[in-house]
1. Which value, in Å² and to the nearest 10, is the accessible area of Phe64 when all protein chains are kept and the probe is 1.4 Å?
2. With all protein chains present, how much of the accessible area of the stretch 63-122 (probe radius 1.4 Å) comes from carbon and sulfur, to the nearest whole percent?
3. So for each of 71-82, 207-218, 226-237 I average, over its residues, the number of other beta carbons within 10 Å; can you give me the resulting order with the highest mean first?
4. List the residues whose amide H sits under 5 Å from the amide H of Tyr71, counting only those 5 or more places along or on another chain, with H placed 1.01 Å from N in the peptide plane.
5. So, R0 is 22 Å and r is the distance between the beta-carbons of Ile270 and Asp222; what FRET efficiency does that work out to, to 0.05?
6. Using alpha-carbon positions, what is the distance between the centroids of the stretch 190-207 and the stretch 74-134, in Å?
7. Can you run phi through the Karplus equation (6.51, -1.76, 1.60; θ = phi - 60°) for the stretch 69-83 and list ³J(HN,Hα) in whole Hz, with x for Gly and Pro?
8. Non-local amide H neighbours of Gly177 (under 5 Å, H modeled in plane, Pro and chain starts lacking H): which ones?
Amino acid sequence: MKKNVKILSIFAVFALAFVFAACTAKNSQNQTTETVESSAGKTSEVVESSILKSESQKEAPVNFVDCVLIYDEASLWYVNASGELDWYTTISNGAALKAYPASSTSLSDTVESQKLTRSGKKEALEYTKVRFNENDYWIQSVLLVNNALPRLVTKENVIIYSLADITGATSDMVDSGTIVSFSGEEEDSELGVKFSKISYHTEKRNFRNVYVKSENLSQQSDDVIAKRILTKIASTENEVIKQELLENTELLTLSPEVTAMVNIVRDEMIAE
C-alpha cells in the first residue's frame, strides 16, 4: 500500500511539473508574441512617420505662367557665381516659355522679375525668370507677353481692332504669317463676333493688347512651329541645313494655309 502511494506521489509530482512547464511555455509564447506585435507596431509607426516626413519635404508644384517672345530674337541668360548674367543661347520670335510666378520681391505682380546686370556691364535691367527646355534662365522682361500663347495669322490684310467690338476697327493691319501672342478671346455682346486679344512687334511699331477677329488666327501650335522653321530657312545659307529644316515640317500637322506657305518655300528651293 505504501509503495502504491509513493508511486502515485511521484506521478503527481511529474504531472504538476508538466503542467507548470506547459504554462510557462505558453506565457513565454504570449510574451514573445506581444513583443513582436509591439515591435511591428513601432516599426509601422516609424515607416509611416518617415513617409509623412518625406512627403512634407517634397517641393510644391510650380504654377508657371505661360509667356511668349514677340521679338525677332532674344537671349537667354544664366546667373554666374558673381551674381551677374552670362549669355547662354538665342531664341526666336514665337518661342513659348514658362515664367516663374511672382515672389514677394518681384518687380512684377505676375511673374518673377528682378533687376540684374550682364557680365561686363554697369546698367541693371529687368529680367524675368523662365523655364525653357527643362532648365532655368533669365530673359529681358520687355520682350515677353505674359499670360499668353503663340498664334499665327493665316489670313491676308487682317484689320486691327482697338477693342472687341465691330465698331473698333483701326487703319492698321497685320500680315499673313505674322506670329502673335494670344491672351484670350472676347465676344461682341450684341452680334456674337469673337475677337482675339493679341500683341506683336514689327520694326516700326510695337502692338500691345489689340484685337483681331478670331477667324483670322490659327489655333494649331504646329502652325507656329512651321512658321518659325520657315523663318530659320530664310536666314540660312547652308543648303543642307535648309533641306533638313524643310523636311522637319513634314513631322507637323498643318492647316491648309500654312501647308501652302511651306509649299511656296519648297518650290523656291527647288528652283534654286
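1. 70 Å²
2. Details: 1470 of 3290 Å².
The C+S portion of the solvent-accessible surface of the stretch 63-122 is 45 percent.
3. On the way: 71-82: 14.6, 207-218: 18.0, 226-237: 16.4.
My ranking of the peptides, most packed first, is 207-218, 226-237, 71-82.
4. Answer set, sorted by chain and number: Gly94.
5. Working: r = 23 Å, r/R0 = 1.05.
Efficiency at R0 = 22 Å is approximately 0.40.
6. Spelled out, the Cα-based centre of one part sits 26 Å from the other.
7. Result, ordered by residue: 7, 10, 9, 4, 8, 7, 9, 9, 10, 10, 8, 8, 4, 8, x Hz.
8. The answer is Val153, Thr154, Lys155.
The values are calculated or read from the model by the stated rules, or taken from the named source; none is laboratory data. Bear in mind that the values here come from a model prediction, so they are computed numbers and not experimental data. Counting neighbours? That spans all protein chains shown, and the Cβs are built from the backbone with ideal geometry, glycine included. Areas reflect the complete protein model, heavy atoms only, side chains present, ligands, DNA and RNA absent. Shrake-Rupley method; radii C 1.70, N 1.55, O 1.52, S 1.80 Å.
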